[in-house]
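What follows draws every value from the coordinates through simple rules; no lab data is involved. Here the structure is a predicted model, which is why all the values come from computation and not from measurement. Cβ sites come from the backbone with ideal geometry, for glycine too, and all protein chains shown count toward neighbours.
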Ligand SMILES: NC(=O)c1ccc[n+]([C@@H]2O[C@H](COP(=O)([O-])OP(=O)(O)OC[C@H]3O[C@@H](n4cnc5c(N)ncnc54)[C@H](OP(=O)(O)O)[C@@H]3O)[C@@H](O)[C@H]2O)c1
């Protein structure tokens, strides 16, 4: 039986990921690090995802806290680190650093305490920053420039993973819009939210028609 510890299970990617993980390996057991929110406990938040409660257990915790969770866990084989902050504005820099860099440091520390066989880190394709040069799969560019603090903090988080002595795997998705087979899209982030809003407006009764004007602009940065 494989025991997996996951962070970010309540997120856009995590919810689907845990469902698929449990489906693909009927022997696996998942322990999810979940933050309590307001009056809602970690257990209640995980239960809301409607996963098999006999195979999926909540561990209440926040990666920004320095507390250790290791003693509350059984032997863990794999650690999947999905938790991250996906905000892009400069005024979120401090929170981004706390979650994407320090949170990753905490996850690595916990993985080491648990002596896991493998640490899987969900990075992003945007760790390449602003470059037109080929981006190596097996490393990071030495010092790219970034569009926003999200890219920068994900870069620094991935660097911590690569420098660690754990057996790690780094995965770099680009932009996840929805399910590859069903086509279902849930994300309200960025342009998808606007497209969904337009779609809703088009279904309103009456003659209201949204107009989207797309203009090509010169890139803000030299390639
Ligand atoms: N979505 C994409 O297109 C995309 C593309 C490339 C890479 N990624 C990466 O994939 C991962 C998941 O992204 P997503 O789109 O699923 O993001 P999301 O929907 O915002 O989910 C983020 C998850 O991280 C958890 N989290 C944040 N801060 C935490 C903390 N301090 N302690 C514990 N858990 C914390 C959140 O918990 P709460 O529910 O408590 O907030 C949530 O479960 C991220 O690392 C992101 O950088 C995403």
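So between residue 68 and residue 143, what do we pick up on full extension, going 0.36 nm a residue minus the alpha carbon distance?
23.7 nm
So for the stretch 3-171, what percent of the C-alpha to C-alpha distances run longer than 30 Å?
Distances greater than 30 Å cover 16 percent of the Cα pairs.
Once you put a point 7 Å from the Cα of residue 20 and another 7 Å from the Cα of residue 55, both along the Cβ direction, what distance in nm separates them?
With each label point 7 Å from Cα toward Cβ, the separation is 1.6 nm.
Calculate, in nm to one decimal, what residue 88 and residue 2 gain on full extension: separation in residues at 0.36 nm each, minus their alpha carbon distance.
Once the chain is fully extended between residue 88 and residue 2, it gains 27.4 nm.
Give the peptides 37-47, 98-108, 174-184, 142-152 in descending order of average Cβ contacts within 10 Å, highest first.
Descending mean neighbour count gives 98-108, 142-152, 37-47, 174-184.
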